[in-house]
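All of the numbers you see were taken from the coordinates with simple rules; none came from a lab. Everything numeric in this text was worked out from a predicted model, so none of it was measured. Reconstructed Cβ throughout: ideal geometry from the backbone, glycine too, with neighbour counts over all protein chains shown.
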Amino acid sequence: MHLLAALFCAFGIGTASAAEDESTIDFDMEGYYRTRGYVFKELFAAPMSGPGGGTPAQTGRYMTQRLRLQPSFSFEKRAKLTMMADVMDDVVWGDNASLSSTALFASDPSNTAVDGQESQTFKLKRAWMEFDIPVGKIRVGRQPSNWGLGLLANDGNGFDDLFGENHGGSTFDRFMFATRPLAIVQTALGKDAGDTPLFFVVGVDRLVEDSKDQYYGYNCTENPAGGGWVQGEDSAYDERCDLVDYEGNPGRDGVTDTVHDYTEERDAAYRSQDWWADNHDDVKQMIYALIYRGEGVSLAGRSSDLTLGVYTVHRTQDETNSDVWILDAYGHLLWGSLLMEGEVLNIRGTSSAIALPGAFDPNSELDNPLQKDVDIWGYVARLGYETASSSAIFETGYASGDENVIDDRFTGRPIHSDYNVGLLIYDEILSRVTAANYTDSVKGLWSKGGVYNSRYIYPHLKFRPAENLELRTAYLLAWPDKPDGTNVLCAADDELDGEPLECASTDASDSHLGWELNVGVHHDFHQHIKVALEAAWAETSDRIPLERAGLNPSGKFFTMQARAAFEF
Amino acid sequence: MRTLFLMSLVLAAACGDDKAEDTSGDVASDADGDADGGTSSTATIDDFITVTDEPVGDLSCFTGTLTTETAADGCVAQRSMYGEVLDFQEDDPVDEATVEFFFEDGIFGPPDAVVTTDANGMFNIEINTCDPYTYRITTDPVLDMTKTTIESHDVVPNQGIVNPSHELQSVSSTTYALIPTLLGVSPKVDKGIVAGRAYDCAGNNLQGLQVMIEDSSGSIPDDVVAKYFIDDFPNRNQPYTSEDGLWILMDVPVGDWVVKGYVADGLGGHTLVARTELKVLADSINISSIYAGIEDGVKMPPECLTACN
């Protein structure tokens, strides 16, 4: 096995093409064109805009498309430059920008995305290089990140989901070094390097160089009577808000003169030549991974595939006292036909960077009411039977929720949106509910289609009557984790850590969020063509406030979706 | 004066505090002699009024009986008022807002006057000073920028021959959606929100007050949740008005209601110190502040209480 071939697979790194000549740079192009059609029966309560508003719900349909190009230039097997660009990225078919003054005579289609806004035709999303060094491999640049099942880091590449589509993908500006530590030690000891597939990765990501929003960590309030707060007279006086003296010169005069919140929105116009020089506001993270990836390993007399690994991230930002650790463990065992696979992640630490409106310090103990302790959990586990012709897998998963996002504990995070579970409950319904509730002001808390504030079971079956034909079916049943009273409504007997959950109102009675049945047919032909037909029926419980998102209050949903793709 | 402090009108619905356990033996009685605790199917006054901490504020004007204020001679006069509609949270002007004025101080029919703000959120209208009125602000529903905001008992002061200027406030749809979300409440579209500030006799915010709502017969609607603010933002755990005096009632049914404000009397009971009446519309924010000693929620500015030229 190539020294880092398994690592490439684990981290989604493309392999280098063999060079025919020492001076030859080989060019390769990978990618795909895909188009997907969506039909939703009565998804909405009523058409939300236009003259049809208020009329009974209708069956909505639309088509999207994407062309993904991933060219690469490689020099032998020692160096490689890879780029990834999306063209017409999830663009809706047709002229949706009134390029034609009369819709009936439309001819040139527009680049309108599913959110109804115009998008760039061409987006270069990733570009990175990788090269060998004597002790390993280095990869530098804006690159994909994928780990395990993709609960945390999911590159969004390809067509790897049981149902649904990948739309986003994790991308980081990263410097990464990968090596095979045992091989180095063996070589250093003068022994054969061996082929133990144990890999170690270390890297550094630069997430933010300078945030446009200014973080203060304290607020400067306005005196309703005018003239600022006076030192010695007003308890609200804060010397940090007293920046200018009575003559207008920098300094304090005992009267506050600045008004701002804990954070302040700015635009890029404020930046001067030294905008990048402040390291205090930089967001950076170190990544470490250790993974064993064994193929054809003999276990209890059977040839097995075994992968075990741990991925660790340490993210910091000095300005907001953010110090967060992410631990993500992944395991995969295919023992004969028995499959066991799972990933569990925990995010913990402290941060004052999560500036939500209404943040408060319930016990008046914190210097900064934005300060939060972070403790987030998620997992997916699969157990089943897999052969060349069929598979039966029982899957369960969990994404921790947060019953109160503005207190001092931050415990909720959805699983990555490109880890698709079903087609309706998470992908469409809860994503719309969280978007409607959190609005654009708090977009970071949207579920975006990922598993959200719940635990679920998702048994699924695959049957392959022919080599290139696969029938799939799956059943989803989900339960809420921490009802928050607005995205997931509370029931009277809900508990939190063994104690009754306090909610403003208990509008729900059902124990579960809802169920969903998925069926699909997937067929590959002409070596590059992939077609799929998928359908889903779902019924949500009274736990989900459908009306808030303008969704069909009956709670019954149906979708049929079809995909055609050319993969190269 | 009656500013929209409803930064989070929508949200105030906090959990638990206002659904306090029954304090049996704690009989709340109005200063005017009526016994509160009108019954509905499940809600009682004890669900709302539980405060034991003494109020902070000037209650010297309260003699035990709620009163009403009327304008002094000559103070009700027509003036050309310069108005500005501001977003409640951001204080940014709201352009293209439709402002309807109801000079009978209630929405009993079509508006008496309608104006539209310009690009700077400004408008001009002929209005009577020292005469309470109600206004309603809306924007284009297709754009969904603001939520229908209604304020009752607003009064423009008489400033002599000077045409007055006045600020009206509306609540953005984002604020309306976000605050309840952050506080764990899912407001019902067929009900309304009532909010306001509690003022003491000196016109300052009254701390330590709790509010409840009932109809004219004393019936308290089910499922109404009362919440209070800290630092002008709704707080899940605040049990009564804080220094900012703000309060909010969530999921109030459509109709005519009376909001009553109570403070602890220091003897284990409660005293009704403020009251207002208003009409609540569905899917809207209905603002009506309460003033110590005032029965109908109409507080005359000082300029209206002495004879005007």
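Given all pairs of different Cα atoms, what value in angstroms does the Kirkwood hydrodynamic radius of chain B take?
Hydrodynamic radius (Kirkwood, Cα pairs) of chain B is 19.3 Å.
Using the C-alpha atoms of chain A, what convex hull volume per residue, in cubic angstrom, is computed?
234
Can you work out the FRET efficiency for the pair A:Leu496 and A:Asp281, with r the C-beta to C-beta distance and R0 = 45 Å, to the nearest 0.05? Intermediate results must be reported in sequence, preceding the final value.
Details: r = 35 Å, r/R0 = 0.77.
After rounding, the FRET efficiency stands at 0.80.
For a quick protection proxy, order the peptides A:415-424, A:157-166, B:161-170 by their average other-Cβ count within 10 Å, most packed first.
Per-residue mean Cβ counts within 10 Å order the peptides as A:415-424, A:157-166, B:161-170.
Could you give the spread of the C-alpha atoms of the range A:195-324 along their three principal axes, from largest to smallest, in whole angstroms?
Principal-axis extents of the range A:195-324 (Cα, largest first): 84, 35, 19 Å.
Which one, A:Ser235, B:Cys201, A:Thr411, is farthest towards the positive end of the dipole of the protein assembly as shown when Lys and Arg carry +1 and Asp and Glu -1 on their Cβ?
With unit charges placed on the Cβ atoms, the residue in question is A:Thr411.
If the viscosity is 1.002 mPa s and the temperature 20 °C, what translational diffusion coefficient in µm²/s does Stokes-Einstein give for the range B:235-279 when Rh comes from Kirkwood over Cα pairs?
Details: Rh = 12.5 Å.
Result for D is 171 µm²/s.
What distance in nm separates the two pseudo spin-label positions at A:Leu327 and B:Gln159, each 7 Å out from Cα along the beta-carbon direction?
6.5
Quick one: if you stick a label point 7 Å off each Cα along the C-beta vector at B:Met122 and A:Phe131, how many nm between them?
6.4
Mind listing the Cα extents of the range A:147-197 along all three principal axes, in Å, largest one first?
Sorted from largest, the Cα extents of the range A:147-197 read 51, 26, 15 Å.
Which of the pairs A:Lys137/A:Lys191; A:Lys372/B:Lys279; A:Lys482/B:Lys260; A:Lys80/A:Lys448; A:Lys77/A:Lys125 have their Cα atoms more than 30 Å apart in this structure?
Cα-Cα > 30 Å for A:Lys372/B:Lys279; A:Lys482/B:Lys260; A:Lys80/A:Lys448; rest within.
As I understand it, the dipole of the range A:131-282 uses +1 on the Cβ of Lys and Arg and -1 on the Cβ of Asp and Glu, about the Cα centre. Which of A:Gln273, A:Gln186, A:Ala225 lies farthest toward its positive end?
A:Gln186
Which whole number gives the average, over all residues in B:67-74, of C-beta atoms from other chains lying within 10 Å of the residue C-beta? Display every interim value, and only then the final one.
Numbers: counts 0, 0, 0, 0, 0, 0, 0, 0.
Counting other chains' Cβ atoms within 10 Å and averaging over B:67-74 gives 0.
Testing the spin-label approximation: label points 7 Å from Cα along Cα→Cβ at A:Ser98 and B:Asp215. State their distance in nm.
4.7
What FRET efficiency, computed as 1/(1 + (r/R0)^6) with R0 = 22 Å and r the Cβ-Cβ distance, is obtained for B:Asp256 and B:Thr63, rounded to the nearest 0.05?
0.20
For a distance above 14 Å, tell me the whole-number percent of Cα pairs in the range B:98-150 that qualify. If you can, show how the numbers build up before the last one.
Details: 766 of 1378 pairs.
Percentage above 14 Å: 56.
Just subtract the alpha-carbon distance of A:Ser511 and A:Phe122 from 0.36 nm times their residue separation and send over the number in nm, one decimal. The partial results should precede the final answer.
Values: separation 389, 0.36 × 389 = 140.04 nm, distance 4.59 nm.
135.5 nm is the gain from fully extending A:Ser511 to A:Phe122.
Please state the shape class of the range A:486-568: rounded when a/c is under 1.5, otherwise prolate if a/b exceeds b/c and oblate if not, all from the C-alpha gyration tensor. Could you put the intermediate results ahead of the total?
Working: a/c = 3.73, a/b = 2.77, b/c = 1.34.
Prolate shape, in that a/c is at least 1.5 and a/b is the bigger ratio.
Which of B:Arg79, A:Arg240 has the fewest other C-beta atoms within 10 Å, and how do the rest follow up to the most?
Going from least to most buried by this count: A:Arg240, B:Arg79.
Ignoring everything except DSSP H segments at least 4 long, calculate the 222 nm mean residue ellipticity for chain A; use -39,500 (n - 2.57) per segment, divide by total residues, nearest 500.
-1000 deg cm²/dmol, from helical runs alone.
R0 = 35 Å: FRET efficiency of A:Asp28 with A:Ala466, Cβ-based, nearest 0.05?
Efficiency at R0 = 35 Å is approximately 0.70.
Going toward the positive end of the dipole of the range A:236-293, with +1 on Lys and Arg Cβ and -1 on Asp and Glu Cβ, which of A:Ile291, A:Tyr246, A:His260 do you reach last?
Of A:Ile291, A:Tyr246, A:His260, it is A:Ile291.
Taking the Cα centre as origin and putting +1 on Lys and Arg beta-carbons and -1 on Asp and Glu beta-carbons, what dipole magnitude results for the protein assembly as shown, to the nearest 20 debye?
Roughly 4800 debye for the protein assembly as shown.
What is the average number of partner chain Cβ atoms found within 10 Å of a Cβ in A:404-413? Kindly include the intermediate steps, with their values, before the conclusion.
Numbers: counts 7, 4, 9, 2, 0, 0, 0, 0, 0, 0.
Mean partner shielding for this stretch: 2.
Compute, for the range A:498-567, the length of the dipole vector about the Cα centre, with Cβ point charges of +1 (Lys, Arg) and -1 (Asp, Glu) only. Units Debye, rounded to 20. Working shown, then result.
Details: 5 positive and 11 negative charges, 78 e Å.
Result for the range A:498-567 is approximately 380 debye, rounded to the nearest 20.
Based on C-alpha coordinates, I'd like the Rg and Dmax of the range A:448-517, in Å.
Looking at the range A:448-517, its Cα Rg and Dmax stand at 17.0, 55 Å.
Within a Cβ distance under 9 Å of B:Ile230, other residues only, what is the Lys/Arg minus Asp/Glu net charge?
Charge balance in the 9 Å sphere: -4.
Please compute the average number of Cβ atoms from other chains found within 10 Å of each residue's Cβ in peptide B:260-266.
Mean shielding count: 0.
Taking only Cα atoms of the range A:385-539, what ratio of Rg to Rh do you get with Rh as the Kirkwood inverse-distance radius?
Working: Rg = 18.1 Å, Rh = 17.1 Å.
My calculation puts Rg/Rh at 1.06.
Kirkwood hydrodynamic radius for the range B:56-199: how many Å is it when counted over pairs of different Cα atoms?
About 16.9 Å, per the Kirkwood formula over Cα pairs.
Assign unit charges at the C-beta atoms only (+1 for Lys and Arg, -1 for Asp and Glu), then state the dipole size of the range A:41-160 relative to its Cα centre in Debye, rounded to the nearest 20.
Details: 13 positive and 13 negative charges, 105 e Å.
Result for the range A:41-160 is approximately 500 debye, rounded to the nearest 20.
If we restrict to alpha carbons, what Rg and Dmax does the range B:160-224 come to, in Å?
16.8, 49
Take peptides B:251-260, A:546-555 and line them up by average Cβ neighbours within 10 Å, highest first, as a rough protection proxy.
Top of the packing list down: B:251-260, A:546-555.
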